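I have placed the structure first, in the form of structure tokens, so that the comments after it can refer back to it.
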Amino acid sequence: MALDNSYADRMEGLFYSKSDEKFTVRALLDDILENKKFNHALDVGPGPGHISEPIARRSRQLTMIEALPEYEEILRQRFDNAKVVIGSIREFDLTRQYDLILFSHVLYYHCDADWLPLTAKLYDALVPGGELILALNSDSGDWWKIVQPFWDRLRPHITFNYIPLTAFKKELSALGHLHIYPYRYQLWTDPGPTWNVFVGKQMLEITDDQVLADNEAEFSALAHQFKQIDGSIVLDFKAEIIRIHKD
């Protein structure tokens with residue numbers, strides 16, 4: 001799937017500004033990586049670099065592969081040790097090997113048949129003793145509680161891909177032993193008509209207005225399942241960092 005400016009706007013208006021995930025993941029990465037240092041790290045799909053700092057601070061050289069050109073200058077200014085490449089990881093030459101590769105919430109924008117081959121390609125680009133770190137939303141918690149009821153029926157209209165994480169981890173285990181770090185983060189949004197837009201356009205990424213209209217009542221009914229605090233719907237999302245060490 002080709003990403004465009006609307007994707008950047010959605011991310012900025014949702015996961016970057018209306019959730020605490022970036023703070024949660026940065027803190028978790030600091031705990032996981034401890035005092036390690038890396039000669040050359042690779043960050044695949046950093047966006048504006050909100051969770052890249054723990055990697056950049058520990059790396060002598062950092063390569064960042066980002067699909068959206070509007071993030072290029074932000075990344076260059078933010079990380080003076082980074083080489084920023086605009087393009088897709090599918091076309092990127094991985095002949096060089098890395099001590100650490102971060103692959104955070106990117107697989108959704110590749111077809112599910114490519115999830116394991118693409119992850120294996122990154123794993124193969126590690127030096128012996130290197131580490132691949134993935135982050136993905138879990139098939140539990142409020143994210144999945146929103147997505148799952150519509151996943152099979154509206155799949156042709158949903159513009160991202162997802163393999164339930166429980167199943168994908170079984171596939172990943174073919175690469176090596178997995179170290180799993182579950183984490184939770186909150187996201188907040190407004191109730192009422194804003195909620196329907198949030199579910200249909202932001203969470204499910206449906207672009208067909210008729211499909212959105214046809215499912216508006218079901219989107220609306222979901223709101224009652226979640227807690228409301230000070231006039232906002234507060235969602236408790238679950239995700240996991242998966243760490244794979246290359247022997």
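Normalised by 2.2 N^0.38 Å, with N the number of residues, the alpha-carbon radius of gyration of segment 102-159 equals 1.39. Max-minus-min Cα coordinates of segment 52-197 on each principal axis give 48, 37, 28 Å, with the largest extent listed first. Comparing Asp236, Asp214, Asp99 in a Gaussian network model of the chain, where Cα atoms under 10 Å apart are tied by springs, the biggest mean-square fluctuation is seen for Asp214. All C-alpha to C-alpha distances of segment 132-198, sorted into 5 Å bins beginning at zero, yield P(r) values of 3, 12, 20, 22, 18, 13, 7, 3, 1, 0 percent in whole numbers. Between the listed residues Pro149, His177, Tyr123, the Cα displaced farthest toward the positive end of the dipole of segment 109-192, a dipole computed from Cβ unit charges relative to the Cα centre, is found at Pro149. About its Cα centre, the dipole of the chain is roughly 840 debye, where the only charges are +1 on Lys and Arg Cβ and -1 on Asp and Glu Cβ.
In a reduced charge model with +1 at each Lys and Arg Cβ and -1 at each Asp and Glu Cβ, segment 78-159 shows a dipole moment near 200 debye about its Cα centre. Local charge for Asn137 was computed over the other residues whose Cβ lies under 9 Å away, with Lys and Arg +1 and Asp and Glu -1, and equals -1. Only aspartates and glutamates eight or more places from Lys169 in sequence, or on another chain, were considered; those with a Cα closer than 12 Å are Asp139, Glu240.
In the structure displayed, which of Lys121/Lys201; Lys18/Lys238; Lys37/Lys246; Lys145/Lys201; Lys18/Lys145 lie more than 21 Å apart, Cα to Cα?
On the way: Lys121/Lys201 32 Å; Lys18/Lys238 16 Å; Lys37/Lys246 16 Å; Lys145/Lys201 16 Å; Lys18/Lys145 18 Å.
From Lys121/Lys201; Lys18/Lys238; Lys37/Lys246; Lys145/Lys201; Lys18/Lys145, over 21 Å: Lys121/Lys201.
The alpha carbon centroids of segment 80-103 and segment 144-204 are separated by 26 Å.
Taking the Cα atoms of segment 69-136, the ratio Rg/Rh between the radius of gyration and the Kirkwood radius comes to 0.97.
Filter the GluC sites (Glu not before Pro) in segment 61-121 down to the DSSP loop ones having no more than 15 other Cβ atoms within 10 Å, then list what survives.
Working: sites: Glu66, Glu70, Glu72, Glu73, Glu91; in loops: Glu91.
Answer in residue order: Glu91.
Based on the Kirkwood radius over alpha-carbon pairs, what is the Stokes-Einstein translational diffusion coefficient of segment 181-238 at 20 °C with 1.002 mPa s viscosity, in µm²/s?
Details: Rh = 12.1 Å.
Estimated diffusion coefficient is 177 µm²/s.
Considering every Cα-Cα pair within the chain, what fraction, in whole percent, is farther apart than 32 Å? Result for the distance tail: 21 percent.
Each value in this text was obtained by applying a stated rule to the coordinates, not by laboratory testing. None of these values were measured; they are calculated from a predicted model. When we count neighbours, we look across all protein chains shown, and the Cβ atoms used for this are built from the backbone with ideal geometry, even at glycine.
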